[in-house]
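Okay, so here's the structure we're looking at.
The values are calculated or read from the model by the stated rules, or taken from the named source; none is laboratory data. Note that the coordinates shown come from a computational prediction; the quantities given were computed from them, not determined experimentally. Cβ: placed from backbone, ideal geometry, glycine included. Neighbour counts: every protein chain shown. Surface areas here come from the heavy atoms of the whole protein model, side chains and all, with no ligands, DNA or RNA. Shrake-Rupley method; radii C 1.70, N 1.55, O 1.52, S 1.80 Å.
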Amino acid sequence: PTLAPSPTPDRGLPCSQRMADDGLLTVVTLTYGLSRDFVPRGLVPLDGYLSGDVTLGYPTELRHVAVGPLVAMISDMQAAGLHPFVISGYRSYSAQAIARQIWVVKEPERVYILCAPPGFSEHQLGTVVDFGSPELAEIVGQEDIEFHTYFYKTSEGLWLADNAHRYGFTLSYPFEATDITGFFYEPWHYRYVGVEMATHLYEEGTSLTEHQLASEPPPCIPDTP
C-alpha cells in the first residue's frame, strides 16, 4: 500500500523543542525525543470504557482515537477466553521521569530495558498500551512481576502478536529491531497506528521505527548532550 509519511512540520527544530501533532505516526526513539511540554490532545480515562479487572484500578488515560479499537480488541480477547490487563497508557514527561526513577531503585540492572528516559517514551504520545497477563507470574516464577520478556509466552501475548494489527495496533519494539529502535524487546508494548499501517508493518515483518527511519528524513535535530 502507499502509506503517507508521518506529518512532522517541525523537522528543523531540536528534539527538545519538538511538539508532535495529532497524527498517529510520530517517530520517538532514544535519539528523537519530544519536548517536555508536549501533551497530546483528546486524552480520556480508560475506566469509563473498560472494567476494573482490565484496568486493575490504575488511572490510565489514552487518546480517544485509540480507545474504540482497544475496547474492541480486548472484548474479542475476552470472548476467546483470555484475561488481558492494561497496565499503562499515557505518561507525561514528568510521570515518565518519576517512573524511570522508581525503576532505577527497584530494578537498577534492568531499568534500561523497562523504562525510557523522559521525553524518549512513546507513552507520551497517548497511543500506547502496556499489556499484562495473569499467566506471567507463574511463567517467570515471581508473584509480583508486571513486565517481563516472557510475556510473549502467555496466551495474551501470543494472541496480540497474531491479531493486534487487525485493530490498528503494532508491536513497537520487536526482538530483532533493537539496533534500529534503540529499545530492547518489549512484547507487552503496543502502539495504535491505524489498521492500514499496522497491517503493512505486520505483513512486512518490520517495526514502525524501522519503516520510517528508512523512508523519511530525520524528524528533528538530536540535542547535543
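Return the loop-located GluC sites (Glu not before Pro) in the range 85-144 (DSSP other than H, G, I, E, B) with at most 10 other Cβ atoms within 10 Å of their own Cβ; answer none if there are none.
E109, E143
Out of the total accessible area of the chain (probe 1.4 Å, heavy atoms of protein only), what percent is carbon and sulfur?
C and S fraction of accessible area: 55 percent.
Once you sort the root eigenvalues of the Cα gyration tensor of the range 1-132 as a ≥ b ≥ c, which label holds: rounded (a/c under 1.5), prolate (a/b larger than b/c) or oblate (the other case)?
Oblate, since a/c reaches 1.5 and b/c is not below a/b.
Taking the Cα centre of the range 34-166 as the origin and placing charges on Cβ (Lys, Arg +1; Asp, Glu -1), which of I98, S35, G132 is farthest toward the positive end of the dipole?
Sorting the options by dipole projection puts first S35.
Could you list which residues have their amide H under 5 Å from that of F85, counting only those 5 or more apart in sequence or on another chain, with H placed in the peptide plane?
G132, S133
So what's the gap between the Cα centers of the range 60-78 and the range 116-188, to the nearest angstrom?
16 Å
Can you work out the accessible area per residue across the chain, with the rest of the protein chains kept in place, probe 1.4 Å, in square angstrom?
With all protein chains present, the chain gives 47 Å² per residue.
Rounded, prolate or oblate: which fits the range 160-225, taking a ≥ b ≥ c as square roots of the Cα gyration tensor eigenvalues, rounded meaning a/c under 1.5, else prolate when a/b beats b/c?
prolate
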